[in-house]
Amino acid sequence: MMGEWSSGEGLQQHMQSHGSVPRPVSNPPMEHRFMPYQNNGGTVFAVAGPTYAVAMADTRLSSGMRILSRNTTKCTQLTSKCVVLTGGMQAEMVELHKRMKILITQYEHAHRREPSVNAVAQLLSTRLYFKRFFPYYTFNVVVGLDEEGKGAVYGYDAIGSFERIPYVSQGTGAELVTSVLDNQIGKTNQTKQLEPLDKTDLIDLAKDVIAAAGERDIYTGDYAEVYVIDETGVNKSKVDLRKE
Amino acid sequence: MASGTLSAPAPPFVMGVPSAACSRADEVGTGTTILAVSYKGGVVLAADTRTSAGAYVVNRASRKISKVHDKIYVCRSGSAADTQALTQFVKYYLNIHSLELGELPSVNTAATLFQSFHYDYKDMLMSGLIVAGWDGKRGGQIYSLPIGGSKIKVNVTAGGSGSVYISGLIDALYKEDMTKEEAQQLALKLLSHAMARDASSGGMVRMTTISEDGVEETTFEGDKLPTPA
Amino acid sequence: MPVDYVETLVAQKGAGFVFDNYQRNQFLASSDPQAFKMPDLKKTGTTICGVVCDGGVVLGADTRATAGDIVADKNCEKLHKMADNICCAGAGTAADLEHTTKKFAADLELMRLTLHRTPRVGTAVTMLSQHLFRYMGYVGCALVMGGVDPTGPSLYMIYPHGSTDRLPFASMGSGSLAAMSMLETGYKDDMTIEEGKKLVSEAILAGITNDLGSGGQVDLCVVTKDAYTMHRNIMAPYPRTRIPKPVMFPTGTTTVLEEVKMLKGRLEVTDADVEMRDA
């Protein structure tokens, strides 16, 4: 004996009895409206060390299936020991970074000193939440050295929720990066507590991770900018990624 | 049971019309320019050679005039897949019909076959055709077969998105009982004017002339047309 | 109306296909497209192309398969052998391409055995286009098919809706525009096979470099009157930039919840000669 489920009518009645009426599936009404956002792709991430921090961002700018530029930065140095990295929409990133620089300059004029990384992080959160109902389409990372000289990494959502964490990744390759960082930095699933990585090993790991993201994420590639922030300041270098 | 799809299919591939625009629900404008002109003793069929998908020209040397039988040809506009498949069907049935008949089929028979397919599958086909040819009964003939299933016998006609630009020119220049050369020159002039104005028509002009004496196929390259595109 | 799931299941056991989930999916998809998205199919966002040369055809393809933004396969095969004299390059839905080409390769072979004739390229194109037309574009195959038969070398494009074009050079897939720019620049009538291989490689390379849906290596296939030659990974334009340092996990890294004693092997291996018996 066949139950109600095998009959199409029975199913429809069952669904209807729960209050919603099935609509025909073919040719749903098309709606055209202003779409101000686009994702230009790319991956950014940062890791905090005891006396330093490492940040990484690829330099590919894409739109759809096309590469717009192979050499566009996603990073801006805001103070002598603080860098902001942004994934998402490039135009929004440019606007946001510009605004941050203006506000930090104003802060410097007002207080006769640089803002701390903590202050920059709070400022970015405020700026993002200011546009709560028309957000910047950006996914940010603030990285630097805090007032005690310890590595500091802050992760954000698009509307300003943020927290200080040991490592964070954003952008189209974020999921790929996070899984490796969870395993290698967070050691979230390892019982043996190994020695934490030293600075050189950490930088090497970071380079490996962005290269790996470039292997599998089509929007990540070309080059990666490497920022090492320590007591000497912000040190920038570049590594090659796949260009396909 | 609702008919639906698991994932949205790509928009149908269309000769001349931006494919994103034709969701099959509201297909009005068909691409390309096709036309046929009758003269004393035969007919001339002509078509451009552009097939595009959106802004991209997929084929710049396509053949939109297809053979249905020895002396019956068809100009195709609309969905490339639909019109190609339809032509193959009609070709098949007409060949069998011709074998049973033991002589060349009439152009009217071919057009009627196309018409019945058009009418029976009007909800599925996006196809606008011009069937033309020559037979011993009625000489050179042209049938216009727009979407929906009608069949109109005409002396001259144009179809596709480019036809709207030349309807006045056709009225002004067409005369009955032209010579073959006059008809060919007229077809070339009409088509090159349409190609100059219509973005989804272009490339070359392919022309097929059919009369009692046989079938003649000519191609005019795009940079050698009377009206430069 | 109460529904007895267990009874239904029991009643349906062994009764062939059940389409309940299809109907449920249709309902879910129609009720709120935002809340319920159909799973992504693996697409070969692809560059494929082909060129007719003097006495043969050359077909080429990249090797990237994508699932959304992710590279699903870095070295997949998009050139399918249809017959000893016909090759087919595929773009579109990976599963459709794999199954459709396999089916028609089998059909062509059966045809060859029945008729004792080499299958013609035009025959293969007609079979495929009729199949695709029947499925109204839902079988997502965009093909470039080429080969050599008694009529000479020929090359066709076949679209998912079933339309076909015969051309001296052709490209398809998301990288087709990049490839076509190279083909339009470099194509000459009656090129040698070597010239054809070079042009097709350049066209595929343009796709790999400029189209995000294409990548990996260049595959080529050359079909002439006498031979079908596959050149797998003939070009590897963008090798790995970095070989990651191997990560070692010492024994005990993972918590041991329970130990399972290995059962003793039940197979007995003998070294003695065994007499062969007729089946």
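Couple of notes before you dig in:
- Build a GNM of chain B with springs between Cα atoms under 10 Å apart, and of B:LEU125, B:LEU101, B:LEU45 the one that fluctuates most is B:LEU101.
- Excluding ligands, DNA and RNA, the accessible surface per residue across chain B is 45 Å² with a 1.4 Å probe.
- Dividing the mean sequence gap of close Cα pairs (under 8 Å, 6+ apart) by how many residues region A:57-207 holds gives a relative contact order of 17 percent.
- For chain C, the fraction of alpha-carbon pairs lying more than 28 Å apart is 52 percent, rounded to a whole number.
- Ranking A:GLY144, C:GLY207, C:VAL274 by Cα position along the charge dipole of the protein assembly as shown, where only Lys, Arg, Asp and Glu carry charges on their C-beta atoms, puts A:GLY144 farthest toward the positive end.
- Residue ranking by accessible heavy-atom surface, 1.4 Å probe, largest first, among C:LYS225, A:LYS236 comes out as C:LYS225, A:LYS236.
- Put simply, chains A and C cover up around 4200 Å² of each other's accessible surface, both sides summed, when a 1.4 Å probe is used.
- Carbon + sulfur, % of accessible area of region C:141-252 - ligands and nucleic acids excluded, 1.4 Å: 59 percent
- Global form of region A:43-240, assessed from the alpha-carbon gyration tensor, a/c cut-off 1.5: oblate
- Along chain B, the exposed loop sites are GluC sites (Glu not before Pro) outside DSSP states H, G, I, E and B with at most 12 other Cβ atoms within 10 Å, and the longest stretch free of them is B:1-102.
- For the options C:ARG134, C:ARG24, C:ARG120, a Gaussian network treatment of chain C with springs between C-alpha atoms closer than 10 Å singles out C:ARG24 as fluctuating the most.
- A cut-off under 14 angstrom between Cβ atoms defines the neighbours of A:ASP240, and their net charge, with Lys, Arg +1 and Asp, Glu -1, is +2.
- Extension gain, B:LYS67 to B:GLU182, is 39.1 nm, computed as 0.36 nm per intervening residue step minus the present C-alpha separation.
- Virtual spin-label span in nm between B:GLN88 and B:LYS137, 7 Å along Cα→Cβ: 2.9 nm
- Cα shape, the protein assembly as shown, gyration tensor, a/c 1.5 rule: prolate
- The trypsin sites (Lys or Arg not before Pro) found in region A:62-156 that occupy coil by DSSP, while having at most 11 further C-beta atoms within 10 Å, are A:ARG112, A:ARG113, A:ARG132.
- Ellipticity estimate at 222 nm from DSSP helix runs (n ≥ 4, -39,500 (n - 2.57)) divided over the protein assembly as shown, nearest 500: -9500 deg cm²/dmol
- In plain terms, the chain from B:ALA55 to B:VAL154 could stretch by 32.3 nm, reckoned as 0.36 nm per residue minus the Cα-Cα distance.
- Taking Lys and Arg as +1 and Asp and Glu as -1, the other residues whose beta-carbon sits under 13 Å from that of A:ILE159 total +1.
- Label sites at A:TYR129 and A:SER80, each approximated as a point 7 angstrom past Cα along Cα to Cβ, lie 3.1 nm apart.
- Principal axis dimensions, largest first and in whole angstrom, of region C:183-238 by Cα: 35, 25, 15
- For chain A, built as a Gaussian network whose Cα springs stay under 10 Å, the top-fluctuating residue of A:PRO36, A:PRO166, A:PRO115: A:PRO36
- FRET efficiency, A:ILE165 to C:MET248 (Cβ-Cβ, R0 45 Å, nearest 0.05): 0.95
- Share, in percent, of DSSP beta bridges within chain A that are antiparallel, nearest 5: 100 percent
- Peptide C:242-250 shows a mean partner chain C-beta count of 5 within 10 Å per residue C-beta.
- For region B:28-216: rounded, prolate or oblate by the Cα gyration tensor [a/c cutoff 1.5]: oblate
- Contour excess over end-to-end distance, with Cα ends at C:LYS103 and C:ASP54 and 0.36 nm allotted per residue: 14.6 nm
- Summing +1 for each Lys or Arg and -1 for each Asp or Glu among the other residues whose beta-carbon sits under 14 angstrom from that of A:PHE130 gives +2.
- Average accessible surface area per residue within chain C, 1.4 Å rolling probe, Å²: 57 Å²
The values are calculated or read from the model by the stated rules, or taken from the named source; none is laboratory data. Every value quoted in this text rests on a predicted model; they were computed, and no experiment measured them. Cβ coordinates were reconstructed from backbone atoms using ideal geometry, including for glycine residues, and neighbour counts include every protein chain displayed. Protein only, heavy atoms only, side chains kept; ligands, DNA and RNA dropped before computing areas. Shrake-Rupley method; radii C 1.70, N 1.55, O 1.52, S 1.80 Å.
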